[in-house]
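Each remark here refers to the structure printed beneath this line.
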Amino acid sequence: KGMTLDGGIGVGRFTRKVLEQEAGEAAINKVPRQMIREAVQSQIEKYEWDGGADIVIYIPEGVEIAKKTFNPRLGIEGGLSVLGTSGIVVPMSEKALIASIRLEMEMKRKNGAKYLLLTPGNYGADFVKENTKLDVESSMKCSNYVGETLDMAVELGFLGVLFVAHIGKFVKVSGGIMNTHSRHSDARAELMCAHALRSGADLETAKAILETITTEEAMEIIRMHGLQDAVMEQMAEKVHQYMQHRVEGAIQTEAILFSNRFGYLGETKGAEKLAEKFKYDL
């Protein structure tokens with residue numbers, strides 16, 4: 001008699017082929033599948049049972065808990081995925097988040113994507129949805145891990161990446177800061193000030209920018225002095241320069257920058273052309 005293994009209520013199912021799992025299968029990975037089978041087999045042998053076994057795994061409350069995970073973006077719907085020996089990942093650990101980003105990138109690459117549309121978080125995704133003709137459904141979030149995302153894009157063979165990012169995050173990238181979380185770095189006012197000085201701001205304006213707490217506030221001062229276009233040109237050039245430095249020129253790296261208060265602010269020189277690859281098919 002044979003042995004079958006399936007997922008019940010609370011265990012998700014793959015909506016498409018994901019790595020070694022087929023569409024429609026229960027989202028139970030290879031290692032836990034093997035462990036479950038071995039555990040059941042040991043009991044079959046212990047009790048000399050010859051009737052086979054049909055195993056169904058349930059996760060109470062799995063449907064609700066899954067809504068808080070990356071699972072729907074990873075092609076898993078209807079519940080949680082059983083990942084490894086314990087089936088537990090600490091959701092906010094850096095390692096787990098970067099692994100989730102990598103998995104989504106791998107899936108896009110295996111499905112034929114050559115370019116990536118990236119947003120650090122919800123602000124970027126909302127801006128794409130409300131202010132551009134780009135297909136937000138084709139985008140993915142990279143959180144604060146700009147550097148790691150660029151590294152993985154090169155490693156996985158993508159040809160280019162387009163970030164749509166809030167200035168509060170990407171002003172840091174214009175200074176070569178590749179992890180944009182506030183606990184790693186700030187320097188936003190200092191970098192805004194540097195770009196303003198390069199664009200012709202006087203000393204009093206520079207000092208006022210250094211006193212600001214948010215990039216929105218700094219941008220208000222910059223706009224008041226008619227410097228937005230010049231500042232954004234400087235910033236976009238530096239963002240491009242540091243991203244290219246990170247990837248060692250291996251792939252195309254572009255960015256579109258915005259603020260919540262003032263909307264679209266500027267972009268790198270190749271952003272408009274690269275954006276064509278992500279527009280809706282009309």
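Among the residues making up the range 22-46, those that are in a helix (DSSP H, G or I) and either among the charged types (D, E, K, R) or in contact with a Leu (Cβ under 9 Å, 6 or more places away or on another chain) (or both) are LYS30, VAL31, PRO32, ARG33, ILE36, ARG37, GLU38, VAL40, GLU45, LYS46. Considering SER174, SER139, the condition of being within 18 Å of the chain's Cα centre (by Cα) and either closer than 23 Å to MET107 by Cα or in contact (Cβ under 8 Å) with a residue 60 or more places away in the chain (or both) is satisfied by SER139 alone. Scanning the range 252-274 for residues that are under 20 Å from the mean Cα position of the chain (by Cα) and either aliphatic (A, V, I, L, M) or within 12 Å of ASN131 (Cβ to Cβ) (or both) yields ALA255, ILE256, LEU257, PHE258, SER259, ASN260, ALA271, LEU274.
Of the helices (runs of 4 or more DSSP H) lying entirely inside the range 182-282, those containing at least 2 residues that are of a type outside the set (A, V, I, L, M) and open to solvent by less than 80 Å² (accessible area, probe 1.4 Å) span 188-198, 215-224, 228-247.
Quick check on ALA165: is it in contact with a strand residue (DSSP E or B) (Cβ under 7 Å, 6 or more places away or on another chain), open to solvent by less than 60 Å² (accessible area, probe 1.4 Å), among the small types (Gly, Ala, Ser) and part of a strand (DSSP E or B)? So ALA165 fits the description; yes.
Per this entry, LYS207 is counted among residues that are of a type outside the set (A, V, I, L, M) and modelled with pLDDT of 95 or more.
The values are calculated or read from the model by the stated rules, or taken from the named source; none is laboratory data. Just so it is clear, the model here is predicted, and its values are computed rather than measured. Cβ: placed from backbone, ideal geometry, glycine included. Neighbour counts: every protein chain shown. Heavy atoms of the whole protein, side chains included, go into the accessibility calculation; ligands, DNA and RNA do not. Shrake-Rupley method; radii C 1.70, N 1.55, O 1.52, S 1.80 Å.
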